[in-house]
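Data block below; observations after.
The values are calculated or read from the model by the stated rules, or taken from the named source; none is laboratory data. This structure is a prediction, so every number in the text was calculated from the model and none was measured. Don't worry about glycine lacking a Cβ; one is built from the backbone with ideal geometry, like all the others, and counts go over all protein chains shown. These accessible areas exclude ligands, DNA and RNA; they are computed on the full protein's heavy atoms, side chains included. Shrake-Rupley method; radii C 1.70, N 1.55, O 1.52, S 1.80 Å.
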Amino acid sequence: MPSVSEGQYKFIETFQYINKLFFRSPPSFPVALRSLLSGRPPRYPIQQKYAPLVHGIPAPAGRTPGAAEIIPLPNKKSIPFHHDPTHSTMSRVTSGDRSKDTTGNDILLTLAERTAGFTGVDYFRQLAMYITSTLGVRYAIVTECIDEEKTLVRTLSYVDRQELMESFEYAVKGTPCEIIMQGKNYFCPEELGRQFPDEDQAGIESYLGVPIYSPSSGEIIGHIAAYDPAPMSHEQNQTAILKIFAARAGAEIDRLGAWKKLEIANGELESRLKEIESLKNQLQAENKYLLEEIRLTHNFDEIISRSKSFHKVLQQIEQVASTDATVLIMGESGTGKELIARAIHNISLRSRKPLVKVNCATLPANLIESELFGHEKGAFTGALEKKIGRFEFADGGSIFLDEIGELPVELQAKLLRVLQEGEFERLGNPRTMRVNVRVIAATNRNLGQAIEKKEFREDLYYRLNVFPVICPPLRDRKEDIPLLVKHFCQKHETRIGKKITHIPAKVMDALLAYDWPGNIRELENIIERALILSRNGALDHGEWLPAEKRSATPSSSRKLEDVEKTHILEVLRKTRWKVSGEKGAAAILGLNATTLEARMKKLGIKRDQG
């Protein structure tokens, strides 16, 4: 049977494997160890692998089980020690008074059993506690380095008479601990004061210590020490056993260090996440603000504007869009009333349903009722099949009635009924139909004057005029002209096949000087023509811009209809009364030919006037 020191030697050879057992299944280690030391047949993989080491295989040649070195150090320094003058020599373990269960293997087994179920700080405390009890010493410490030079250590566990004491830091220079921190084992059985005569170490007679290595880096990161006011016997020099548990202590220190780093990293990550969340909220708030600004000044689909007067219109759109209120959009022809109607619908709660458009000025009077309300097959001559009216199509959505001022008086009462009751009848069908439709109407007429002339029902006007929106003419928002010019260039350059890279200043000045009686529609037509004439990427409007109308602001004493009539007459004379076609008056004015004809009829314009 091998001696205890040989068993210790073999355990040093295998402590890395034993260390794994502590982490994977702590209770299995003491059981396997007890079986190994008892000499019973192997039952576990570790016993089968290492049983020969315990049962008499000699150490390799040239290697002997090593005891700790005794190295004197003349420097003076103190080690953790509470001097008690009344303290007599603690019970020492000697060959004469030591029982059989205090052999090296029993010490190893006891320490393994007592510490196997603990990790971290608890492991260090249990280890120091049972070092003092198994070795029969008063003091035991487990430390870790706290500086790169390894001159300062902090106690992870400090035990005095089986009692845990408060942790503290101290310098190792001039103490036995300095030898340990140099990577050497140290055992001084007696007369420690001769080698370290510092007064702070008076009363300490013996010392035993081993370094703690980091499994990950291989560097010394602390040490384990046991010391006593009484001498120690050589049987108490259990350096090999302490080295086994120092390996476990190194793994625990590394793990705790990694855990602290992880906690710090998690704290930093949490802080960064909070910062990111704060920045995200700030960015969302900024985006919301910018989207509001963009929507109000540069969006609503094709609405392009930065003028203050039109900004108010966009604010009105936002206010009314979320409601089901009827909206009446008023303004000159070509000011973008249809775009405003589409914008109201697109940001309303009805945006998933269609926006049905009806131009009341382009439909013959005898077909408007059928177009709006539908008809049954055979309801009138030519009604060969049933037709669904625009109001039925718009059920759940919105209907845009453009040029509402041109609606025949006989149909205005039926429209009023739909607005008030949501009811109507198809032509040829007496059954009443109900619809849920939001009405958005638009006109370029002065409905107040039309009411005076009995051309428009007053009750219908009040029903339509729930929320009026007045579209300013282009001459009142000339700051938008540069934006609109660039927009129309980009809109049409692909279709026409020309790229505009430069707009000469004289061209822009001319466009700004013109009063644009046809408003945005006229501007778009002029730009489209200018693209055809342009060369080398420079916009050229040619002779299409009427020079005589530049800066020609209408007199304040003239009525709007008179100014409109005069302008239409001048354009008709210039085109020799050609209404439709590419060079016709309707194209120059930016109007549909049917709309121009309706306006001519309304204003009483006849060819004999030219």
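Residues in region 580-605 that are hydrophobic (A, V, I, L, M, F, W, C) and more than 18 Å from L363 (Cα to Cα): 6 in all. Quick one: which residue in I451, I470 is at pLDDT 90 or above, touching a helix residue (DSSP H, G or I) at 6+ places or on another chain (Cβ under 7 Å) and surrounded by fewer than 17 Cβ atoms within 10 Å (Cβ to Cβ)? Unique residue meeting the criteria: I451. Scanning region 555-610 for residues that are at pLDDT 80 or above, among the basic types (K, R), part of a helix (DSSP H, G or I) and over 21 Å from G405 (Cβ atoms) yields R573, K574. Against the numbered list (1) under 20 Å from G590 (Cβ atoms); (2) out of contact with any Leu (no Cβ under 8 Å at 6 or more places or on another chain); (3) not in a helix (DSSP H, G or I), E338 comes up short only at (3). Listed by first and then second residue, the pairs linking a residue in region 141-163 that is free of Cβ contacts under 8 Å to residues at least 40 places away in the same chain and over 15 Å from Y227 (Cβ atoms) to a residue that is open to solvent by 10 Å² or more (accessible area, probe 1.4 Å) and basic (K, R), with Cβ atoms under 7 Å apart and 6 or more places separating them unless they lie on different chains, are I146/R154; T151/K173. For region 144-173, name all the residues that are in contact with a Pro (Cβ under 9 Å, 6 or more places away or on another chain) and either surrounded by fewer than 16 Cβ atoms within 10 Å (Cβ to Cβ) or not hydrophobic (A, V, I, L, M, F, W, C) (or both). Within region 144-173, T155, Y158, D160, F168, Y170 meet the criteria. Looking at I224, I220, I146, just one residue is of a type in the set (V, I, T), touching a Cys at 6+ places or on another chain (Cβ under 9 Å) and within 24 Å of L256 (Cα to Cα), and that residue is I220. Considering each residue of region 194-227, count those that are outside any loop (DSSP other than H, G, I, E, B), surrounded by 15 or more Cβ atoms within 10 Å (Cβ to Cβ) and either free of Cβ contacts under 8 Å to residues at least 12 places away in the same chain or of a type outside the set (A, V, I, L, M) (or both), and give that number. The qualifying residues number 11. Of the residues I340, I399, the single one that is open to solvent by less than 40 Å² (accessible area, probe 1.4 Å), in contact (Cβ under 8 Å) with a residue 60 or more places away in the chain, touching a strand residue (DSSP E or B) at 6+ places or on another chain (Cβ under 8 Å) and under 25 Å from I520 (Cα atoms) is I340.
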